[in-house]
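Student: Here it is, the structure, as structure tokens.
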Amino acid sequence: MKNLGRYFRIYSALWKNSVTREMSFKANFLMWIVVESLWFALQLGFIGVLYLHTDHIGTWTEWQVVMLIGASHFIQQIYQAFFLINCTNLSELVRTGKLDFLLLLPVNTRFVVSLRQVDLGAFVNALSAVGVMAYAAHRLALVPTLAQIAGFLLLCGVGVLIHYSLMFLLASISFWTVRAQGIVWGYYNLFQIARMPDEAFRGAFKAVFTFAIPMLLVSNVPVRLLVNKFSPGYLFLLLGMSVVCVAVSEWGWKASLRHYTSASS
């Protein structure tokens, strides 16, 4: 508990630094909120156009897909708030040698590397996603129970953990290539797959994005719980993939550190 309290104080200090940095560049803070909001609106508009020509995607109705897009945006923004900028900055820490100083700190290095900065604007965008999900639930006449809401939030947390583990693993490639931003941002662009119902895909594509890169599980499983499409198999699959992703990510990080020889050698 003493060690946990110490890490909590460290993380509180990191939050204060992030708030100070964001408030120093208010225009940039507001601009990214607007950009993300416009992109979210574009995704919703795309689904509106799509459902002008069909009534269902698999068994998913229009407002169920709207809820899915809202959930995917919520998960993406929570991930972005805590981890995105830190994962993308890892290659710069390696290239410039700043990682040397972090390795000398008397704290877990992965903790500091992963949580140094917080994107506060992403929390604002996450609230807009909650609003869209609430409106979609209203249109579907859904009244989720407290257990469903708690389960949804827990599964969203598992989805964030999967995104973080995989992106951090890809960022660790920078120990060999020095720069890995292209790979990291390439994975980030795959987030868009999570906005579509899993029933829209078939064959090898669905298998890859379910078992190799579990994008289709991250947002589909939590929303299935809310819209009563849930079965225990989805839960076990999502949890199993999260364990695999965390284990592989930790293995990759430790292997990368063993390969690292510092900027001065």
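Student: Those residues that are surrounded by 12 or more Cβ atoms within 10 Å (Cβ to Cβ) and farther than 16 Å from Ile85 by Cβ, I need them from the range 7-24; list them, please.
Tutor: Passing the criteria: Tyr7, Ile10.
Student: When the residues of the range 135-170 are filtered to those that are small (Gly, Ala, Ser) and under 12 Å from Pro222 (Cβ atoms), which remaining residue is nearest to the chain's Cα centre (by Cα)?
Tutor: Among those that are small (Gly, Ala, Ser) and under 12 Å from Pro222 (Cβ atoms), it is Gly159.
Student: Within the range 111-165, restricting attention to residues that are under 19 Å from Phe29 (Cα atoms) and of a type in the set (Val, Ile, Thr), which residue is surrounded by the most Cβ atoms within 10 Å (Cβ to Cβ)?
Tutor: That would be Val118.
Student: Going residue by residue through the range 41-62, is there one that turns out to be free of Cβ contacts under 8 Å to residues at least 60 places away in the same chain, surrounded by 14 or more Cβ atoms within 10 Å (Cβ to Cβ), out of contact with any helix residue (DSSP H, G or I) (no Cβ under 7 Å at 6 or more places or on another chain) and among the β-branched types (Val, Ile, Thr)?
Tutor: So far as the range 41-62 goes, no, none of its residues is free of Cβ contacts under 8 Å to residues at least 60 places away in the same chain, surrounded by 14 or more Cβ atoms within 10 Å (Cβ to Cβ), out of contact with any helix residue (DSSP H, G or I) (no Cβ under 7 Å at 6 or more places or on another chain) and among the β-branched types (Val, Ile, Thr).
Student: Could you tell me whether the range 17-35 includes any residue that is within 19 Å of Val184 (Cβ to Cβ) and touching a residue at least 12 places away in the same chain (Cβ under 8 Å)?
Tutor: Yes - at least one qualifying residue is present in the range 17-35.
Student: Let me ask something else. From the list Thr109, Thr96, which residue is modelled with pLDDT under 90, closer than 23 Å to Leu169 by Cα and of a type in the set (S, T, N, Q)?
Tutor: So the residue among Thr109, Thr96 that is modelled with pLDDT under 90, closer than 23 Å to Leu169 by Cα and of a type in the set (S, T, N, Q) is Thr96.
Student: Across the range 232-265, what is the total count of residues that are closer than 15 Å to Leu216 by Cβ and either more than 22 Å from the chain's Cα centre (by Cα) or aromatic (Phe, Trp, Tyr) (or both)?
Tutor: Residues that pass the stated criteria total 2.
Student: Filter the range 137-193 down to the residues that are assigned to a loop (DSSP other than H, G, I, E, B) and within 27 Å of Gly233 (Cβ to Cβ) and list them by number.
Tutor: Leu140, Ala141, Leu142, Val143, Pro144, Thr145
Student: Can you confirm whether Val118 is β-branched (Val, Ile, Thr), over 30 Å from Leu216 (Cα atoms) and in contact with a Ser or Thr (Cβ under 9 Å, 6 or more places away or on another chain)?
Tutor: no
Student: Listed residues Ile162, Ile183, Ile193; which is touching a Cys at 6+ places or on another chain (Cβ under 8 Å) and of a type outside the set (S, T, N, Q)?
Tutor: Going through Ile162, Ile183, Ile193 in turn, the sole match is Ile162.
Student: Right, next: Looking at the range 198-249, which of the residues that are among the small types (Gly, Ala, Ser) and under 20 Å from Pro144 (Cα atoms) is surrounded by the fewest Cβ atoms within 10 Å (Cβ to Cβ)?
Tutor: Selected residue: Ser231.
The values are calculated or read from the model by the stated rules, or taken from the named source; none is laboratory data. Here the structure is a predicted model, which is why all the values come from computation and not from measurement. We place every Cβ from the backbone using ideal geometry, glycine too, and count neighbours over all the protein chains shown.
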